[in-house]
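Since the structure comes first, as structure tokens, the remarks are kept for the end.
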Ligand SMILES: [Cu+2]
């Protein structure tokens, strides 16, 4: 899944038309118009054959679900317009990664790459910067304000999920949006998260995942008063720092579940809907055979722990901060978790599969309770009218239905409930959904 490095009108129009036609949700969505495929959901990688990226600092705005517009900064790649968050850069283990930072802002900016070793800046080791009085001014050499440039490079030695972010006034600049995700894929297995195999008794454990089900959850927060002060060039007392918005991949719920590239979110291209279908390890199951889990890459640039919990099934944490969870003797240290607590600056990789444990079926295995009559039910717009996966049924007259094909939806959210708000509006912020489609083949859009 590659993100086109140069967008054009034709591509955007074609995407808009396709998104409208399919109602916006979509494992099967494949944009055939040039220049590249853009899936409706799932991680969108920005790649380059030589792993060379030109990041330019940009000003822009994002919209929030309470109707607000917030001034932001961001890194845009290769002449693209402002986007938030900055692009997901994907490289392969062993690549020499080159990042050319061009700074258009009126403040010095730098980039740090937590987890990468021997980072060079303009050919010399990237190190913290100090002024003449010995005060720390930046965690890395800067691209000077108003047109400066600096080139960072490193060898991506370790597969994993990492951040890249501003190392200059990071409390302000990261909150302003100068951050993104960096994914390093194992050289030998692009569909494994890490190289290692663990054999524990009769169980062989690898980090192989379904490449059509790879997701990023980049968690962040915004203090809009800080952003207003920066926009107006005014000082801001960071003692007053108060986040009001919480974002996943740069959007607050319900925008989080809109597709990648949604036309009404022109600067916020990344969906965070986890769109999967049931786990099935029976090789005789035909198209329903789905033996590899989804991979969800959690990252946080917030200022406090975010206890994120996907409902429906536990996930298996396989790595933290780019370190696969294997002991020194090769033992499997991965663990199942209901709530993934992602601390500031951390990354957690999770394998996630939805298993149809009970296998309820209206004919062969009906639910052993009487379903109340229609007029005695209340339900949300994502209910299909039937409790059975893949079935749709009658809804009350006038009920709006956003369910497409009898799929299930599970909420997936931050359990610090004050953070599922948008400046006081409840049920926003750090919420997204897991969408489980009926097994393939299905007629889901
Ligand atoms: Cu919950």
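Taking label positions 7 Å along the Cα-Cβ direction at both residue 202 and residue 118, the computed distance is 4.5 nm, reported to one decimal. Residue order for 252, 334, 149, 133, fewest other beta carbons within 10 angstrom first, comes to 133, 149, 334, 252.
Take the Kirkwood radius over Cα pairs of segment 57-126, plug it into Stokes-Einstein at 4 °C and 1.567 mPa s, and you get 90 µm²/s for translational diffusion. In a GNM of the chain with a 10 Å cut-off on Cα contacts, which of 354, 73, 264 has the highest mean-square fluctuation? Taking springs between Cα atoms under 10 Å, the residue moving most is 264. Of 289, 194, the sequence from fewest to most neighbouring Cβ atoms within 10 angstrom is 289, 194.
Roughly what percent of Cα-Cα pairs across segment 330-390 reach past 19 Å? Could you put the intermediate results ahead of the total?
Values: 1095 of 1830 pairs.
Distances greater than 19 Å cover 60 percent of the Cα pairs.
With Rh defined as the Kirkwood radius, the inverse of the mean 1/r over Cα pairs, the Rg/Rh of segment 180-284 is 1.14. When the alpha carbon gyration tensor of segment 86-226 is reduced to an equivalent ellipsoid, its three semi-axes come out at 33, 18, 13 angstrom, largest first.
Over every pair of different alpha-carbon atoms in the chain, take the mean of 1/r and invert it; report that Kirkwood radius in Å. Could the numbers behind the result be given before it?
Values: mean 1/r = 0.0435 Å⁻¹.
After inverting the pairwise mean of 1/r, the radius is 23.0 Å.
The alpha carbons of segment 218-339 occupy a box of 64, 42, 21 Å along the principal axes, longest dimension given first. If I model a spin label at residue 234 and residue 136 as a point 7 Å from the Cα along the Cα→Cβ vector, what separation in nanometres do I get? Using points 7 Å along Cα→Cβ, the separation is 2.9 nm. Only Cα sites of segment 245-306 enter the Debye sum here, all with the same form factor; the resulting log10 I(q)/I(0) across q = 0.21 1/Å is -0.87, listed in q order.
If you average the alpha carbon positions of segment 396-436 and of segment 215-277, how far apart do those two centres end up, in angstrom? Comparing the Cα centres of segment 396-436 and segment 215-277, I get a distance of 17 Å. Modelled this way, with points 7 Å down the Cα-to-C-beta line, the labels at residue 100 and residue 314 are 4.9 nm from one another. Based on every Cα atom in segment 389-436, Rg and the maximum pairwise Cα distance Dmax equal 14.2, 38 Å.
Could you run the Debye sum over the Cα atoms of segment 113-192, one equal point scatterer each and no solvent, and tell me log10 of I(q)/I(0) at q = 0.19 Å⁻¹, two decimals? Once normalised to I(0) and log-transformed, intensities are -0.93.
One equal scatterer on each Cα of segment 273-315, no solvent, Debye formula: the resulting log10 I(q)/I(0) at q = 0.22, 0.25, 0.28, 0.34 Å⁻¹ is -0.87, -1.00, -1.12, -1.28. With contacts taken as Cα pairs under 8 Å and at least 6 residues apart, segment 46-150 reaches a relative contact order of 25 percent.
Here segment 256-408 was treated as a single set of alpha-carbon atoms; its pair distances binned every 10 Å from 0 give 9, 26, 32, 23, 9, 1, 0 percent.
Only the coordinates and a few stated rules stand behind these numbers; no lab work does. Since this is a predicted model, take the numbers as computed values, not measurements. No Cβ is skipped: glycine too gets one built from the backbone with ideal geometry, and neighbour counts run over all protein chains shown.
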